[in-house]
Amino acid sequence: MVEMHEMVPGKRFDRYHELGQHAFGERLGLYIVVPQQLIVEVGVCIVYMVTGGKSLKKFHDTVCTDCKNIKLTYFIMIFASVHFVLSQLPNLNSISGVSLAAAVMSLSYSTIAWGASVDKGKQEGVEYGYRAPTTAGTVLGFFGALGDVAFAYAGHNVVLEIQATIPSTPEKPSKKPMWRGVVVAYIIVALCYFPVALVGYWAFGNAVQDNVLISLEKPRWLIAMANMMVVVHVIGSYQIYAMPVFDMLETLLVKKLHFPPGFALRLIARSTYVAITMFLGMTFPFFSGLLGFFGGFAFAPTTYFLPCVMWLSIYKPRKFSLSWITNWICIILGLLLMILSPIGGLRQIIIDAKTYKFYS
């Protein structure tokens, strides 16, 4: 996608749907890309609402052990209140500071998570076998886990919007600094994910929580700090994924429905979107199941195989060349992911829903 951003001399594809329209045609490109991109971005925002609320609750419960129990619903509302303010920032450039803070927090709380797990050590009676007692449960859990992994790489959906903020000239095209940014980003992703996954599983085995920080209790001050770092991280991430939705929403309202552009439109449209994602997060706070479901249903197409289909459509590499084979492997794996992961995620949501009370 970084390479395709400026593939046509003198033109930049600043939006995912613009690249889709170039690859598939004006109307078909919109119909293929926009619905899936919206599902991804709205899905991420809902999951971040749940994550932010749960981390705030964990912070409260860790700091104030004798306090009265407060419903998760209220913490999600507190988390959403920040976004009613931040959503009024005009564009991606204006949230660069928030985004940087989110990236630093991500690396920091990941380090705390695996460091505290090492300090806590291997738990007594830890089990490393499958969590589900049946073969069917194990297979479906595996499908859901694939969706969790897919969810972790949702950044592809906003990569063109991010690259659009980088200045570009024929002598210094934007893809050069963007490539460096992508490589550094994935090194940081590896530093965040692998130690947490390996050390967390070593310490807690199959009893580890969806969010490893919830499995950790001591030292209390450190776990409280890590949960606040998670909150800062998801505040920044929510804004990055919400910004393209705001852009689409406001363009639709101005161009199609002839609303006058301005602060009033931005305030009403963006606040309404934040309120909707808050309501859905409060109603369905199933972190693991939502990850698996959205990860497969929407993230697999836009992240794993749509870019490959576009590449084949536009560049038309020679059959059975390395580029052709690599793209087709990604397309097949992406399709399998799209079909299988939502099954596992939906099963996890159904299991969680059996014991769940609305707005508890």
Quick check: anything in region 227-247 charged (D, E, K, R), touching an Asp or Glu at 6+ places or on another chain (Cβ under 9 Å) and in a helix (DSSP H, G or I)?
-> yes
Taking the options 339, 350, name whichever one is part of a helix (DSSP H, G or I), surrounded by fewer than 16 Cβ atoms within 10 Å (Cβ to Cβ) and over 21 Å from the mean Cα position of the chain (by Cα).
-> 350
Here are 305, 293, 279, 297: which of them is out of contact with any Phe, Trp or Tyr (no Cβ under 7 Å at 6 or more places or on another chain), open to solvent by less than 50 Å² (accessible area, probe 1.4 Å) and assigned to a helix (DSSP H, G or I)?
-> 305
From the set of residues in region 308-326 that are in contact with a helix residue (DSSP H, G or I) (Cβ under 6 Å, 6 or more places away or on another chain) and in a helix (DSSP H, G or I), which is surrounded by the most Cβ atoms within 10 Å (Cβ to Cβ)?
-> 310
Going through region 251-264 in order, the residues found to be at pLDDT below 85 and surrounded by 12 or more Cβ atoms within 10 Å (Cβ to Cβ) are 261
For residue 75: the one exception among (1) in contact with a Gly (Cβ under 6 Å, 6 or more places away or on another chain); (2) touching a residue at least 24 places away in the same chain (Cβ under 8 Å); (3) farther than 26 Å from residue 191 by Cα | (2)
Residue 116 touching a Leu at 6+ places or on another chain (Cβ under 6 Å) and open to solvent by less than 40 Å² (accessible area, probe 1.4 Å) | yes
Determine if region 92-100 includes at least one residue that is β-branched (Val, Ile, Thr) and either surrounded by fewer than 17 Cβ atoms within 10 Å (Cβ to Cβ) or under 30 Å from residue 306 (Cα atoms) (or both).
-> yes
Residues of region 120-132 satisfying the condition of being at pLDDT 80 or above and surrounded by 13 or more Cβ atoms within 10 Å (Cβ to Cβ) = 120, 123, 126, 130
Checklist (1) in contact (Cβ under 8 Å) with a residue 12 or more places away in the chain; (2) open to solvent by 10 Å² or more (accessible area, probe 1.4 Å); (3) in a helix (DSSP H, G or I); (4) of a type outside the set (S, T, N, Q) applied to residue 285, failing item = (3)
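The values are calculated or read from the model by the stated rules, or taken from the named source; none is laboratory data. These figures come from a predicted structure and were not determined experimentally. With ideal geometry, Cβ positions are generated from the backbone for all residues, glycine too; neighbour counts draw on all protein chains shown. The protein model used for the area step is the full one, side chains on, heavy atoms only, and it has no ligands, DNA or RNA in it. Shrake-Rupley method; radii C 1.70, N 1.55, O 1.52, S 1.80 Å.
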